[in-house]
Amino acid sequence: MTAHRALELFWHPVCTRAELERSSPHPLAVTLLGRDLAVADVGGVVMAAIDRCPHRSTRLSVGFVEPGSIRCAYHGWRYSVAGECVEIPATPGGPLPVGPCLQTFDVEVAYDLVWVRIDGSADTAIPANPAWDDASLHVVAGEPYTWPTSALRRVENFVDLAHFAWVHDGTLGRRDEPVPPIPAVTRVDGELRFHYDPPAMEPEQEALFGHSRYRMPMPCTVDIEFHAESGSRRHLWMTASPAAEGVCRTFWFVARDDDLEGDDAQYLAFQQVILDQDEPVVCNQDPREIPLDPGSELSVRTDRVSIEYRRWLRELADAADHGAEELQRVLNGSAVSSPV
Ligand code: FES
Ligand SMILES: [Fe+2]
């Protein structure tokens, strides 16, 4: 069982708005769920299509962005946002293919990221990023990074409470306190939620640390709200985009309501320390794809969040295999609480 089909029904970011702008005059080549896509801002409207011209299969990402369309570099065929061929320079006035001939995808811009949904047959939403619209918070975008692991392994690591003591000894946890709390994991409004209290320690000023409220608005996105003892409030938001099998690209933001005049770079640098600690363990999980069959990896009771996460993934994967409507039903389903 894999969650690939379920992930096709959710929105994922494929690039930043700035990356799209830098790519001009060419469309940007990106990969999502194993598909090569060409993405372009064609004049206030973003277009996402398969990165292959239907004529002789040249990549459209080496073509050109034009108002309302993408033009192929090879013979100049031009395609509209809807994927219709609207011009064939070699046959002016001649017949054009009837209807869309280039596969296009749902695309939106949110949080300065370009989001694509491979299959729009379920009514899924771009995952919430509460800090983005919170005027009391200063939001800083991190540099996206690509890791040789699946999006779901990446995300599971993000919500793994037992690794803080080992991987982040001295930064987020303590090896001399290796027993994490076992939170109640709930599902509310289609989200997976839990709370976490870190061990007593003196975190660095730039650390995102304190009573932590985790929300997963969809299986690849984690939003953590931290309440520090000082009273300050911070957020860490990430989404791991499933680029291809065993490869993901993570987009992330940090936000704070304190030290508003402080240097943003030090907050990003602290997160980079954490990422450098995580990378060797997460990028050495074999297989890279998360196994969803219960019993395929050993678990103990302190793996509660991971166990509930995988249970959620299994339900979504199973539902998606039965159709978009069934996935919709699971997403709209009533609240579920894990046993405590
Ligand atoms: S291959 Fe694209 S126009 Fe011919
Ligand atoms: Fe970690």
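In table form, for the structure just shown:
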{"read-out": "Pair list, Cβ under 7 Å, 6 or more apart: the stretch 139-164 residue within 13 Å of Leu275 (Cβ to Cβ), other residue within 11 Å of ligand 2 (Cβ to nearest atom) and among the charged types (D, E, K, R)", "value": "Trp147/Arg154; Trp147/Glu279; Asn157/Asp278"}
{"read-out": "Pairs with Cβ under 9 Å, 6+ apart, first in the stretch 53-66 and in contact (Cβ under 8 Å) with a residue 12 or more places away in the chain and within 6 Å of ligand 1 (Cβ to nearest atom), second assigned to a loop (DSSP other than H, G, I, E, B) and among the small types (Gly, Ala, Ser)", "value": "Cys53/Gly63; Cys53/Ala73; Thr58/Ala73"}
{"read-out": "Among (1) out of contact with any His (no Cβ under 6 Å at 6 or more places or on another chain); (2) modelled with pLDDT under 95, the one test that Val222 misses", "value": "(2)"}
{"read-out": "Complete set of residues in the stretch 42-52 that are within 22 Å of Pro242 (Cα to Cα) and either surrounded by fewer than 16 Cβ atoms within 10 Å (Cβ to Cβ) or more than 15 Å from ligand 1 (Cβ to nearest atom) (or both)", "value": "Val46, Met47, Ala48"}
{"read-out": "From the options Ala165, Ala184, residue that is at pLDDT 95 or above and away from ligand 2 (no atom under 16 Å from the Cβ)", "value": "Ala184"}
{"read-out": "Verdict on Leu102 being outside the structural domain of Arg304 (by TED's automatic domain parsing), within 16 Å of ligand 1 (Cβ to nearest atom), under 27 Å from Ala48 (Cα atoms) and crowded, with 19+ Cβ neighbours inside 10 Å", "value": "yes"}
{"read-out": "Test: Leu208 is surrounded by 15 or more Cβ atoms within 10 Å (Cβ to Cβ), modelled with pLDDT under 95 and not small (Gly, Ala, Ser)", "value": "yes"}
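The values are calculated or read from the model by the stated rules, or taken from the named source; none is laboratory data. Only a predicted model underlies this, so the values are computations on that prediction, with no experimental measurement involved. Counting neighbours? That spans all protein chains shown, and the Cβs are built from the backbone with ideal geometry, glycine included.
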